[in-house]
Amino acid sequence: MNVAVFGAGYVGLVTGAVFADLGHDVILVEVSQAKIEAIREGRSPIYEAGLDSMLSRVVRSNRLKVTDEPREAVAGSDVIFVTVGTPPLPNGEADMRHVRDAALAIGRSLSSDRRRVIVNKATVPIGSANLVEIWIQDGYGAAHPGETLSSEWFAVASNPEFLREGTAIDDTLYADRIVIGTDKEWAVERLRELYDPIVRQSFNPPPESQRPPGFDHVPLIVTDRISAELIKYAANAFLATKISFANEIANVADRVGADVKEVMRGIGLDARIGPRFLNAGIGWGGSCLGKDLAALTVMAENYGYVPRLLKAAADVNRDQRLLAVKLVQEELKTIKGRRVALWGLAFKPGTDDLRDAPSLTIIDELLRLGARVRVYDPVAMDNLRRQAPDLAVEYARTAYEALEGADALILVTEWPEFREVPPQDVKARLTQGVVIDGRNLWEPGAMRAAGLRYRAIGR
Ligand SMILES: NC(=O)c1ccc[n+]([C@@H]2O[C@H](COP(=O)([O-])OP(=O)(O)OC[C@H]3O[C@@H](n4cnc5c(N)ncnc54)[C@H](O)[C@@H]3O)[C@@H](O)[C@H]2O)c1
């Protein structure tokens, strides 16, 4: 099948590379020349496990191309994915500017020579499939004054994306489910055909991503467009709430002397609750959870409902980030003039993504209180240098270098390399020996035995 993908970011690149690797002809449409150049050379412009090698393979074999010219991509396509960014506006609503630009460009290039499915894979507010349909007609009208394109020639579907950065290829090939929302039967059939190898697991796994043992099927949910759009927001709102719940219990555990890890193990074994997404710590971040929770909150309010639970989940999360600084302050008393090391900048391990990362909130608060901050992250430091060139932090070349002469360490991102560090090595480098374990990564007994003033979250 011929597939076009608008927006070669975290979602578009992975979607494009995976469909190309499954044997489809894929063309990415991107506005950033730097990204286009990297992709043409078979290099991934973002850090994502396995993506470099998969991209170089599909680019070399000519199954994946990239362009900044929408017309040629749309002309040859059967399915067009829209995977551009939908960042938050100051009031929490999703900014639909890039979706509108893409939809207008698609509309300008559409024709009545074949039927095409335009797929909203970006996370877009409820009702966006209707809106994209209108924008497509606007684009078509701009290119063909006075004409409209008969709706038999195109369908707009919602196909929300659930991949996680860091495991994006695995999540695409071995998804928990695929959701398709559209009111046109032929569009359902075409997307069913496109996803068929994934649904039936009939492909040979690529070297970058082994099939989990026993995994033989992905459930495919076909529904209406509005429900598909709400499924995405509801999923992320639930995940955010689940973590905030664990953090709320951690704060109670701290006060009553319980160990939140034991408590979460105890509740997670209940099949109705489940063990995942119950890790207490300094809270969630990333490009999706906060943004989607905020957008859902605004949508609910626009429709006359105050979503109290969602607001509380966001409040708990905001306070949780600052807890890391509060714990440093409890140990050091004065923060001004102290040196604090941060291990980890990315919002989670396995990615260089800094969008809404807790590290940024923590750095701002430490700097506001007058601390010197030295940071180390195995992959995300270049991104921070680029995004915030004036940020007054020092960059360390290694995890140990970040500790030299610091009073306290805050573990922000639980990269595997931090797990292995011997506590004595940390103790030897920290002047005050204060360690704030923002991810409950280490064993409290071992840390305290090494003489560290170790503080975890809810333990
Ligand atoms: N990142 C994730 O983990 C994830 C997971 C699920 C869903 N989503 C959703 O998917 C969407 C994309 O997210 P992302 O993280 O891939 O964003 P991103 O910012 O990494 O990528 C978006 C890309 O679109 C390009 N672009 C912007 N306007 C364009 C246009 N008119 N034509 C062509 N390209 C254009 C940008 O240059 C950028 O490369 C968002 O709605 C997001 O909420 C993201």
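What follows is calculated from the coordinates using simple rules that are stated; it is not laboratory data. From a predicted model like this one, the values you see are computed outputs, not experimental measurements. Glycine also receives a Cβ, built like all others from the backbone with ideal geometry; neighbour counts cover every protein chain displayed.
Rounded to the nearest Hz, the phi-derived 3J(HN,Hα) couplings of region 91-105 under the Karplus curve 6.51 cos²θ - 1.76 cosθ + 1.60 (θ = phi - 60°) are 8, x, 5, 6, 7, 9, 4, 6, 5, 4, 4, 5, 5, 5, 5, where x marks glycine and proline. State the Cα centre-to-centre distance between region 240-307 and region 20-57 in whole Å. A separation of 35 Å, based on Cα centres.
Mean separation of Cα pairs under 8 Å and 6 or more residues apart, divided by the residue count, gives region 242-455 a relative contact order of 19 percent.
How much length would be gained if the chain were fully extended between ALA446 and TYR305, taking 0.36 nm per residue of separation minus their Cα-Cα distance, in nm to one decimal? Length difference between fully extended and current span is 45.9 nm. Extending 7 Å from Cα along the Cβ direction at ASP259 and again at PHE203 yields two label points whose distance is 4.3 nm.
Between ALA428 and ARG211, take the C-beta separation as r, use R0 = 41 Å, and let me know the FRET efficiency to the nearest 0.05. E between ALA428 and ARG211, to the nearest 0.05, is 0.40. Rounded to the nearest 20 debye, the dipole magnitude of region 301-414 is 280 debye, with +1 charges on Lys and Arg beta carbons, -1 on Asp and Glu beta carbons, and the Cα centre as origin.
Under a 5 Å amide H cut-off, with hydrogens placed 1.01 Å from N, VAL5 pairs with ILE27, LEU28, VAL29, PHE81 among residues at least 5 apart or on other chains. Taking max minus min of the alpha-carbon positions on each principal axis, the chain gives extents of 73, 48, 46 Å, largest first. Dipole check for the chain: with +1 at the C-beta of Lys and Arg, -1 at the C-beta of Asp and Glu, and the Cα centre as origin, the magnitude is about 1140 Debye. Going by alpha carbons, how many degrees (0 to 90, nearest 10) lie between the helix axis of 289-302 and the longest principal axis of the chain? It works out to around 60 degrees. Potential lengthening of the chain between ARG115 and ASN91 amounts to 4.9 nm, from the contour at 0.36 nm per residue minus the alpha-carbon distance. For region 31-44, putting each phi into the Karplus relation 6.51 cos²θ - 1.76 cosθ + 1.60 with θ = phi - 60° gives couplings of 9, 7, 5, 4, 5, 4, 4, 4, 5, 4, 7, x, 10, 7 Hz, in residue order, rounded to whole numbers and with x for Gly and Pro. Taking a straight Cα-Cα cut-off under 27 Å and skipping sequence neighbours fewer than 8 places away in the same chain, the lysines within cross-link reach of LYS291 are LYS35, LYS121, LYS232, LYS242, LYS311, LYS326, LYS348. For LYS333, the lysines whose Cα comes closer than 20 Å to its Cα, not counting residues fewer than 8 places off in the same chain, are LYS427. The amide H of ARG339, built 1.01 Å from its N in the peptide plane, has ARG372, ASP407, ALA408 as neighbours under 5 Å, considering only residues 5 or more places off or on other chains. Which of rounded, prolate, oblate describes region 43-167, given a ≥ b ≥ c as roots of the alpha-carbon gyration tensor eigenvalues and a/c under 1.5 marking rounded, otherwise prolate only if a/b is larger than b/c? Oblate is the answer for region 43-167, as a/c is 1.5 or above yet b/c matches or exceeds a/b.
Residue separation of ILE267 and ASP315 scaled by 0.36 nm, minus their Cα-Cα distance, works out to 15.0 nm of gained length. Each Cα pair under 8 Å and six or more residues apart adds its sequence gap; the mean of these over the residue count of the chain is a relative contact order of 12 percent.
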